[in-house]
Amino acid sequence: MVKLIAGRKGTGKTKKMISLANELVEKSDGNIVFINKNHRLMYDLRHKIRVVCMEDYEEITNSDEYIGFIFGIISSDHDIETVFIDSILKHADVSTEDIPGFLSRLRKINEKYKISFVVSLSAELSELGETVKDFEMLSE
């Protein structure tokens, strides 16, 4: 399953993702990965959650490379249950035009590997249009 949290900057998307990840890790049988732009959230997440900071991987410059990076994470840990991706539009020059293809590829990864994704987007639902109609929205 691919779930989305969308809204403009400052609406609490990251805080909600942190809360969801911390709750999930306590009842999960698998591993949780939280991908963030920087190291800022490292101490807000429980120690059992693997935090990946994208500023450590500046060479990832587009959504294709980002998907490849996700496959690398998956191949190194076959027990991943959920991947949280915070503020995808701030990573690797991913734009709103890239989101439909990106989400479609996440859905295929979910179907093949049974890994859930929670993705936050710093955009209004109206900006995303039809892109998000087939995904569960966790934002209000």
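For the reader, a short list of remarks on this structure follows.
- Ratio Rg/Rh [Cα only; Rh per Kirkwood] for region 61-133: 0.96
- Amide H to amide H, with H built 1.01 Å from N, Phe117 comes under 5 Å of Val2, Lys3, Val83, counting only residues 5 or more places away or on other chains.
- Lys9 paired with Glu81, simple spin-label distance in nm, labels 7 Å along Cα-to-beta-carbon: 3.5
- Per-residue ellipticity at 222 nm from helix content only, as computed over the chain with -39500 (n - 2.57) for each DSSP H run of at least four residues, stands at -10500 deg cm²/dmol.
- Options [x] 18; [y] 41; [z] 29 - which one matches percent of Cα pairs over 25 Å apart as calculated here: [x]
- Under a 5 Å amide H cut-off, with hydrogens placed 1.01 Å from N, Met137 pairs with Leu4 among residues at least 5 apart or on other chains.
- 3J(HN,Hα) along region 32-48, derived from phi through the Karplus expression 6.51 cos²θ - 1.76 cosθ + 1.60 where θ = phi - 60°, amounts to 10, 10, 10, 9, 10, 5, 9, 8, 4, 8, 3, 8, 8, 9, 4, 5, 6 Hz, with x in place of Gly and Pro.
- Computed with a 1.4 Å probe over protein heavy atoms only, the accessible area of Asp98 comes to about 50 Å².
- Nonpolar atom fraction for region 1-134, defined as the carbon and sulfur part of the 1.4 Å probe accessible area, stands at 46 percent.
- Once the Cβ-Cβ distance of Glu65 and Glu130 is raised to the sixth power relative to R0 = 22 Å, the FRET efficiency obtained is 0.30.
- Whichever lysines have a C-alpha closer than 16 Å to that of Lys3, once near sequence neighbours (fewer than 8 apart) are set aside: Lys13, Lys15, Lys16, Lys108, Lys114, Lys133
- Scalar couplings 3J(HN,Hα) for region 120-126, obtained by applying the Karplus form with A = 6.51, B = -1.76, C = 1.60 to θ = phi - 60°, are 9, 10, 7, 7, 6, 4, 5 Hz; x denotes Gly and Pro.
- Between Arg46 and Lys112, residue separation times 0.36 nm minus the direct Cα-Cα distance comes to 21.0 nm.
The values are calculated or read from the model by the stated rules, or taken from the named source; none is laboratory data. Given the structure is predicted, the values throughout are model-derived calculations rather than measurements. Positions of Cβ are generated from backbone atoms using ideal geometry, with glycine treated the same way; all protein chains shown enter the neighbour counts. Side chains included, ligands, DNA and RNA excluded: accessible areas come from the protein's heavy atoms. Shrake-Rupley method; radii C 1.70, N 1.55, O 1.52, S 1.80 Å.
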